[in-house]
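Below is one structure, written out as structure tokens; comments come after it.
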Amino acid sequence: QVQLVEFGGGLAQPGGSLTLSCEASGNIPSNNFMGWYRQAPGKERELVATRTTAGWIKYADSVEGRFTIPRDTPKNTVYLQMNSLEPEDTAVYYCNLKDTVHRTDYWGRGTQATVSS
């Protein structure tokens with residue numbers, strides 16, 4: 001089993017920044033994607049950004065150029081640096097780890113990020 005714990009989130013003004021972090025613990029598979037999804041009220045959960053241990057990264061079109069996803073592999077931690085925030089970025093952000101060998105998804109409990117003036 002893998003446990004994911006998110007930190008960060010909160011309230012930011014439009015144009016501002018927030019940083020999220022996610023720490024993984026437990027039986028972490030060596031081949032994995034680690035990243036972030038979000039779910040806004042009334043909408044489906046969507047991919048924000050994810051990356052592999054080898055450094056391959058995918059961003060959603062809506063955040064490309066504004067968000068980055070650094071990863072500290074020895075610490076089993078992934079971050080989401082969110083810049084130039086927009087009200088549309090308001091959502092619950094979930095950390096995700098994909099075990100690519102066993103095709104298993106692990107999820108954190110989520111952390112709220114609100115962008116409002």
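Tabulated data for the structure shown
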| read-out | value |
| --- | --- |
| Pair list, Cβ under 6 Å, 6 or more apart: the stretch 39-55 residue of a type in the set (S, T, N, Q), other residue part of a strand (DSSP E or B) and open to solvent by less than 20 Å² (accessible area, probe 1.4 Å) | Gln39/Ala91; Thr50/Gly35 |
| Residue within the stretch 21-31 that is open to solvent by less than 20 Å² (accessible area, probe 1.4 Å), under 11 Å from the mean Cα position of the chain (by Cα) and either of a type in the set (Phe, Trp, Tyr) or on the phi > 0 side of the Ramachandran plot (or both) present | no |
| Only one of Pro14, Pro41, Pro74 that is out of contact with any Gly (no Cβ under 7 Å at 6 or more places or on another chain), surrounded by 13 or more Cβ atoms within 10 Å (Cβ to Cβ), not aliphatic (A, V, I, L, M) and not in a strand (DSSP E or B) | Pro14 |
| Residue within the stretch 78-90 that is free of Cβ contacts under 8 Å to residues at least 12 places away in the same chain, among the acidic types (Asp, Glu) and farther than 13 Å from Gly9 by Cα present | no |
| Which numbered condition Tyr106 misses (of (1) at pLDDT 95 or above; (2) loosely packed, with under 14 Cβ neighbours inside 10 Å) | (2) |
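For every residue, the table says whether it meets (1) touching a strand residue (DSSP E or B) at 6+ places or on another chain (Cβ under 7 Å); (2) assigned to a loop (DSSP other than H, G, I, E, B); (3) open to solvent by less than 50 Å² (accessible area, probe 1.4 Å).
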site: Tyr37; (1), (2), (3): yes, no, yes
site: Val48; (1), (2), (3): yes, no, yes
site: Arg51; (1), (2), (3): yes, no, yes
site: Asp61; (1), (2), (3): no, yes, no
site: Gln81; (1), (2), (3): yes, no, no
site: Ser84; (1), (2), (3): no, yes, no
site: Glu88; (1), (2), (3): no, no, no
site: Leu97; (1), (2), (3): yes, no, yes
site: Ser117; (1), (2), (3): no, yes, no
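Residues checked against (1) over 17 Å from Ser116 (Cβ atoms); (2) not aliphatic (A, V, I, L, M):
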{"site": "Gly26", "(1), (2)": "yes, yes"}
{"site": "Pro41", "(1), (2)": "no, yes"}
{"site": "Arg45", "(1), (2)": "yes, yes"}
{"site": "Val48", "(1), (2)": "yes, no"}
{"site": "Thr53", "(1), (2)": "yes, yes"}
{"site": "Glu64", "(1), (2)": "yes, yes"}
{"site": "Arg71", "(1), (2)": "yes, yes"}
{"site": "Tyr93", "(1), (2)": "no, yes"}
{"site": "Lys98", "(1), (2)": "yes, yes"}
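The values are calculated or read from the model by the stated rules, or taken from the named source; none is laboratory data. Note that the structure is predicted; figures quoted are calculated from it, not measured. Cβ: placed from backbone, ideal geometry, glycine included. Neighbour counts: every protein chain shown. The protein model used for the area step is the full one, side chains on, heavy atoms only, and it has no ligands, DNA or RNA in it. Shrake-Rupley method; radii C 1.70, N 1.55, O 1.52, S 1.80 Å.
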